[in-house]
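What follows is a single structure, written as structure tokens, with notes after it.
The values are calculated or read from the model by the stated rules, or taken from the named source; none is laboratory data. What you see is a predicted model, and the numbers here were worked out from it, not measured in a lab. FYI the Cβ positions are ideal-geometry reconstructions off the backbone, even for glycines, and counts take in every protein chain you see.
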Amino acid sequence: MKYPLTLVPILERAGKLFGRVEIVSRCPDKSLHRYTYADFYRRARALAEALQRAGLRPGDRVATLMWNHHAHLEAYFGIPVAGGVVHTLNLRLHAGDLAYIVNHAQDRFLIVDDVLLPLYEKFKDQVGVERVMVVPLSGQTPPYESYESFLVGASGQFSYPELDEEQAAGLCFTSGTTGRPKGVLYSHRALAVHTLACALSGTMGIAQQDVMLAVVPMFHANAWGWPYLGALVGAKQALPGPHLDAESLLDLFQSEQVTAVAGVPTIMLGILQALEKEPGRWKLTPGMRMVVGGAAAPEAMIRRFDQLGIRVVHAWGMTEMTPMGTVCELKSYMEDWPEEARYEVRAKQGLPAPFVEIRAVNERGEVPWDATTQGELQVRGPWIAARYYKLPEEQNRWTQDGWFRTGDVATIDPEGYVKIVDRTKDLIKSGGEWISSVELETTLMGHPEVREAAVIAVPHPKWGERPLAVVVRKDGTRVAAEELREFLTPRVAKWWLPDAFVFVEEIPRTSAGKFMKSRLREQFRDWKWEA
Ligand code: AMP
């Protein structure tokens, strides 16, 4: 049969087969909100119906500005099954960037957590959202329409519109290598097939018996597909809300008997330190799995978690890839390899997921799978973006023969394991979120005493990378780091501020006259950050 692959059967499955399974969310006041997939199902459909009644047309974008919790999960399903596009806004961005993104996406509706209203209010006057629904997480009556009363408007008699599997279901913006953030649209089909592939053992390996906890934000690359995955397999989900510190997370791991978590190395390192500092304080489920990605998982971290009985599974992906690309599980016969060899493999980013084709390409063409020759990693597959949203001129990320250029430099070993060794993208990844070096540079060069500025990523023990600014002053001026920091403060998100400013006479350039960032990265690789 020609049967459309959409999110509808996933929602139906969750509601009809797993109605008694729990979904637990941490509220801002740290209390736990508990309900079941049956409640979730009813409310996600109520949201779909209410949106249709409010005039949602097929393809309309509905933005969310939310932490990870049950209402966000409802939006993940309720918006697309009504024919709309759930557009997750990154709450870590500067208000100016959010305004640009909302306008570029032409979001008609916005669902926002009450605790995030101060952020919305910073860009509200710059955007033309028609209707704003506020999720009352703190129990107070919000000064806008409440999401709860919006849902009450639904009769419960909802029938799904006819959906084409190629129709857009989701939208997420990623920091551009240059310039403004770029949107990536996810079709129903991409999300449905991605969700199936995520469930396999060998990838995320999630089953009904699991208790999942995505620390990775739902505003970032579909939270690695976990919200959809949980609903598909009917696994209990615990959602951390705004409490992402190690202790709060560990308390939740313990109280909900979590078996599988997903998050970036910075968060997991914090958890590791807390566990090592107070051994025995938390009783975690034996054999817990931890999918770590978004940035490289250090081998030492994998080893230390093993000693605590927690198995780290390294994964690599991108917003443009829905995001799953590779996941690192050992093959059966590797379990007998010597310890060193096993860890060497486990620290790699892993094998491509089913349906994801990979190749690494350098100036001479496709590189051999010899574990040494480096090339830019290119991918293709059913959940990889074919273009950026409404940016027809941005074609240079796709090759003539139809592959997506990831901007990551990798080697591939004879077994097919990918190892990311470098990045060509001019971006800094701090704690799993991007900082645009280009935006920092252009802003810095707007200072009257700065002639040139180059901002690079420098390895950092906690954040993975942090920005370091290399600045050339205009002749005869004496501008200092503190002054530049003050200059940047109102213009970029606070956590983007470079941790160090280094003043130099000139910045090395390529033959084409561009900043030679590779040289700078080399020069500052062993930079000692102040404690
Ligand atoms: P994003 O689109 O924000 O999810 O970022 C995707 C990018 O993050 C990739 O292109 C890589 O540069 C980086 N990344 C993701 N996972 C890993 C990993 N396991 N190791 C190294 N870099 C990673």
### Summary
If we ask which residues in the range 335-378 are free of Cβ contacts under 8 Å to residues at least 12 places away in the same chain and of a type in the set (A, V, I, L, M, F, W, C), their number turns out to be 2
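Can you find, within the range 309-332, the residue that is farthest from residue 397 (Cα to Cα) among those that are part of a loop (DSSP other than H, G, I, E, B) and without any contact (Cβ under 8 Å) to a residue 60 or more places away in the chain?
Checking each candidate, the answer is 309.
Residues being in a loop (DSSP other than H, G, I, E, B) and either among the hydrophobic types (A, V, I, L, M, F, W, C) or within 29 Å of the chain's Cα centre (by Cα) (or both): count how many of those fall in the range 503-531.
Total meeting the criteria: 12.
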#### Entry: the range 400-423, subset surrounded by 15 or more Cβ atoms within 10 Å (Cβ to Cβ) and part of a loop (DSSP other than H, G, I, E, B), residue nearest to the ligand (Cβ to nearest atom)
417
### Query
Name the helices (runs of 4 or more DSSP H) wholly within the range 1-99 that hold at least 3 residues that are surrounded by fewer than 16 Cβ atoms within 10 Å (Cβ to Cβ)?
8-17
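Here's the yes/no breakdown for (1) under 22 Å from residue 323 (Cβ atoms); (2) among the hydroxyl-bearing types (Ser, Thr, Tyr):
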site	(1), (2)
408	yes, no
424	yes, yes
433	yes, no
444	no, no
### Criterion violated by residue 174 - all others in (1) in contact with a helix residue (DSSP H, G or I) (Cβ under 6 Å, 6 or more places away or on another chain); (2) modelled with pLDDT of 95 or more satisfied
(2)
### Task
Read through the list (1) modelled with pLDDT of 95 or more; (2) more than 16 Å from the ligand (Cβ to nearest atom); (3) under 23 Å from residue 187 (Cα atoms); (4) out of contact with any helix residue (DSSP H, G or I) (no Cβ under 7 Å at 6 or more places or on another chain), then give the number of the only condition that residue 382 fails.
(4)
### Query
What single numbered condition from (1) touching a Cys at 6+ places or on another chain (Cβ under 6 Å); (2) away from the ligand (no atom under 16 Å from the Cβ) fails to hold for residue 184?
(2)
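Looking only at the range 205-233, count every residue that is of a type in the set (Phe, Trp, Tyr), within 12 Å of the ligand (Cβ to nearest atom) and assigned to a helix (DSSP H, G or I) and tell me the total.
1
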### Task
Just name the residue that is surrounded by the fewest Cβ atoms within 10 Å (Cβ to Cβ) out of those in the range 333-374 that are assigned to a loop (DSSP other than H, G, I, E, B) and in contact with a Cys (Cβ under 9 Å, 6 or more places away or on another chain).
347
### Message
Kindly evaluate residue 329 against the criterion of being away from the ligand (no atom under 12 Å from the Cβ), within 22 Å of residue 420 (Cβ to Cβ) and either over 21 Å from the mean Cα position of the chain (by Cα) or modelled with pLDDT of 95 or more (or both).
### Response
yes
